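Let me begin by presenting the structure, written as structure tokens, before commenting on it.
Readers should treat all values here as calculations from the given coordinates under stated rules, not as data from a laboratory. Quick caveat, the model's predicted, so the values are computed rather than measured. Here the Cβ positions follow ideal geometry from the backbone for every residue, glycine too, while neighbour counts run over all protein chains shown.
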Amino acid sequence: MKPILQIALDLTDLFKAIEIATSIVKNFGCSNIWIEAGTPLLKSWGKLVVKSLKELTNCFIVADTKTMDTGGLEAEIFYKAGADAVTVLGVSDNETILDALSKAREYGRRVIVDLINHPAPYERAIELNNMNIDIILYHIGVDVQRKRGLTAIDLIQELKSIRDKVSCKLAVAGGIKHGDARKLVDIGVDIIIVGGAIVKSDNPVESTRKFLEEILY
């Protein structure tokens, strides 16, 4: 598959999120774009945002649930609402991850396991790959970006080491800017997740265009 640009709507304003998502999809379609209902949006609006994004864009929708327990239960809630994938934290128990994965198989959907704040992401990625996880997400959180000035691209060597060891799809998030995405695609990253560089830009459509050109050409 060609690289995917996943647009993280890490907002609390539902109407702004929908406006951004629909304008982007109107211009570029869904072939290489996934739409993420970010965690702040989910906590503000719940299932409604997933249902709305699915109905209005018909794109692949990721619900960034960051599930830590009751994996199957939380996954089913959002699969029923229209999500194509949910996220489960890599620091959660294997039982939680496998419970979510079982529900994903039942619904024909996917599970993304997020390595945010995991003390040993390389080792955990190998374990997750052996569990036949759909997608592993290498993720530097917003607070770490702000306090430490660290982004995903700064850890590209560790990311490359993970890519060399896992066969499942690999996603990356964390302060990705224009100029970073191509470097990540070149080491084999499948899904580039961009939030602020698109949704907080003066022109989200034009910013999306630049990222798509970067990862696809």
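If I build a Gaussian network model for the chain, linking alpha-carbon pairs within less than 10 angstrom, which residue out of Ile20, Ile193, Ile61 has the largest mean-square fluctuation?
In the Gaussian network model the winner is Ile20.
Would you mind telling me which residue in Tyr122, Tyr138, Tyr79 has the biggest mean-square fluctuation in a Gaussian network model of the chain, where springs connect alpha carbons within a distance under 10 angstrom?
Answer for the Gaussian network model of the chain: Tyr122.
Quick check: pseudo-label points 7 Å beyond the Cα along Cα→Cβ at Asp134 and Ser201, how many nm apart are they?
Result: 2.7 nm between the two label points.
Could you give the dipole magnitude of the chain about its Cα centre, charging the beta-carbon of Lys and Arg +1 and that of Asp and Glu -1, in debye to the nearest 20?
It works out to roughly 400 debye.
Under 20 Å Cα to Cα from Lys160, which aspartates and glutamates show up? Leave out anything in the same chain fewer than 8 places away.
Lys160 reaches Asp114, Glu123, Glu127, Asp134, Asp180, Asp186, Asp190, Glu214.
Springs between alpha-carbon atoms under 10 Å, Gaussian network over the chain: tell me which of Ala100, Ala120, Ala75 tops the mean-square fluctuations.
Of the options given, Ala120 has the highest mean-square fluctuation.
Which net charge results when you count Lys and Arg as +1 and Asp and Glu as -1 among the other residues whose beta-carbon is under 13 Å from that of Glu106?
+3
Taking Cα centroids, how far is region 1-41 from region 179-217 in Å?
12
Consider all pairwise Cα distances in region 4-216 and report the whole-number % of them above 25 Å.
Result for the distance tail: 33 percent.
Take the alpha-carbon centre of region 71-118, take the same for region 44-64, and report the distance between them in whole Å.
16
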